[in-house]
1. Count charges around Met316 for me, please; just the other residues with Cβ under 15 Å from its Cβ, Lys/Arg as +1, Asp/Glu as -1.
2. Enumerate the amide H contacts of Thr159 below 5 Å, restricted to partners 5 or more residues apart or on another chain; note that Pro and chain-start residues carry no placed amide H.
3. I'd like the FRET efficiency for Asp180 and Lys303, computed as 1/(1 + (r/R0)^6) with the beta carbon distance as r and R0 of 45 Å, rounded to 0.05.
4. In nm, give the distance between the simple-model label positions of Ala45 and Asn193, each being 7 Å from the Cα along the Cα-to-Cβ direction.
5. Take each uninterrupted DSSP H stretch in the chain, measure its Cα extent along the helix axis, and return the ones at 18 Å or beyond whose mean Kyte-Doolittle hydropathy is at least -0.5.
6. Could you identify which residue out of Gly304, Gly284, Gly174 has the top mean-square fluctuation in a GNM of the chain using Cα springs shorter than 10 Å?
7. Given a 10 angstrom Cα cut-off, can you work out which residue in Met248, Met43, Met114 is the most mobile in a GNM of the chain?
8. What is the sum of charges, Lys and Arg at +1 and Asp and Glu at -1, for the other residues whose Cβ falls under 15 Å from the Cβ of Lys209?
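All of the numbers you see were taken from the coordinates with simple rules; none came from a lab. If you're wondering where the values come from, they're calculated on a predicted model, not measured in any experiment. Ideal geometry is used to build each Cβ from the backbone, glycine not excepted, and the neighbour counts take in all protein chains shown.
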Amino acid sequence: MRNKVVMEELEEIEEETISMDPKKINSVKDLPGVGAATAEKLMSAGVDSLMSIAVSSPGQLVELSGVTEAVARKMINAARDALEMGFESGDDLLKKRERVQKISTGSKAFDEMMEGGFETGAITECFGEFGSGKTQLAHILAVSIQKDDPDAVAVYIDTENTFRPERIIQLAKGANLDPDKVLKNIRVARAYNSDHQMLLAEKVNDLIKDKSLKVKLVVIDSLTAHFRAEFIGRGTLAERQQKINKHMHTLLKLADAHNLLVYVTNQVMSKPDTFFGDPTQAIGGHIVAHSSTFRIYLRKGKKGSRVAKLIDSPNMAEKECGFFVTEGGLKEI
Ligand code: GTP
Ligand code: MG
């Protein structure tokens, strides 16, 4: 699906790029103008995937790898072409926006903060310390999608062995749903390491195609724990970020192609050098931050309550709300 505008842009640059078959470009090394030395420089700077090239500016690549600006432009265009990053028309995008559904959290205050609930067609990331309610929210969403549509299916990729069917039964009862039916519509897979986790995310497509399941929600709880445990030390950071980037790309494509909600959880690490504000920071760096459409910071509030803060959203202001986690679901303060 090559786009006319992309084609016109391409015609302006040299023939060698045009004659290159975009399908043959699988990695940064395959890009025009990238030799071993350039590839090495880019890799060590963490620019190690076609996506990270495609979203770079020519100036950034010049600075990182020492190539000329013309070569940088060619690399970027070829990467964009290989990834089939075309343009969508405004009215197509509006149609996409119209099919967006809002999944209720069960708390009025939380839903209001999210302007109706968690959006389908997007990735929502919740980060916060242990016990802040990230896993609880995953269970709540898996039940909530079945309120509007009894056939809606949740795929739950569990990396920390914290999915509890007993908890689903409580929440289903709280939502006046048949617990057995709700449980049947949740498909859980335990991910044993980061590669397994990435593979499971890719397999969601097969579930949708082969079994024609109406998947409305994909949960990854936790998105970053395996990566954090497996890639230790500075030297492995680039590889870790490359893998997370690929994983997020798979998830984004799933959300977009099937209009489903992707909910991912993320731990925080302490930032001891912070003097002002909250001394915690989400794991996964800018790749997770930029790939998530919505980012919510969860923390413990007064008297056992929880506070959610919307940090990053394309069209909503930064806001905060509070609620209680109870047996039957979220309750107002
Ligand atoms: P980590 O995975 O350790 O990072 O934490 P998390 O953010 O996933 O925390 P989680 O969602 O597991 O929250 C656990 C908290 O939810 C508990 O400390 C309880 O306060 C609350 N909780 C869990 N189950 C229930 C329940 O059945 N009833 C009530 N009232 N609270 C519950
Ligand atoms: Mg958890």
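1. -3
2. Under 5 Å from the amide H of Thr159 lie the amide H atoms of Ala191, Asp221, Ser222, each far enough along the sequence or on another chain.
3. So, using R0 = 45 Å, E works out to roughly 0.80.
4. 3.2
5. Length and hydropathy pass: 69-82, 134-148.
6. Judging by the Gaussian network model, the answer is Gly304.
7. Of Met248, Met43, Met114, the most mobile in the Gaussian network model is Met43.
8. +2
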